[in-house]
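The values are calculated or read from the model by the stated rules, or taken from the named source; none is laboratory data. Since we're looking at a predicted model, the values are computed, not measured. Neighbour counts are summed over all protein chains in view; Cβ atoms, including those assigned to glycine, are modelled from backbone coordinates with ideal geometry.
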């Protein structure tokens, strides 16, 4: 179950982003991808993420998005994220190189 997307949606709801249509309510990563693409908020790997952006991952390197997290900050080529359902943790803070092959794209909020 991709409840990482449910976590990202719940966080967005806490800031009234769902009610104001800044982000969608989504429980599948693919639904989030489709919504952000349709709204022109999709950014590729050349984009430097900002706090509050969503970050989508391709764990299997197969072109399929498997996971979503929230960007806490980006500095000195490092992205700090907050994620639900990450590894063996319910909530986890992760650190990635901005050039990581695992990160597919961002949704700018």
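Somewhere in region 15-30, is a residue at pLDDT 90 or above, under 16 Å from residue 84 (Cβ atoms), part of a loop (DSSP other than H, G, I, E, B) and in contact with a strand residue (DSSP E or B) (Cβ under 7 Å, 6 or more places away or on another chain)?
No: region 15-30 contains no residue that is at pLDDT 90 or above, under 16 Å from residue 84 (Cβ atoms), part of a loop (DSSP other than H, G, I, E, B) and in contact with a strand residue (DSSP E or B) (Cβ under 7 Å, 6 or more places away or on another chain).
Got a sec? Which strands (runs of 3 or more DSSP E) wholly within region 48-100 have at least 3 residues that are closer than 20 Å to residue 10 by Cβ and either more than 13 Å from the chain's Cα centre (by Cα) or in contact (Cβ under 8 Å) with a residue 60 or more places away in the chain (or both)? Walk me through it before giving the result.
Numbers: elements: 54-57, 67-75, 78-86, 89-97.
Once the strands (runs of 3 or more DSSP E) in region 48-100 are filtered for at least 3 residues that are closer than 20 Å to residue 10 by Cβ and either more than 13 Å from the chain's Cα centre (by Cα) or in contact (Cβ under 8 Å) with a residue 60 or more places away in the chain (or both), what remains is 67-75, 78-86, 89-97.
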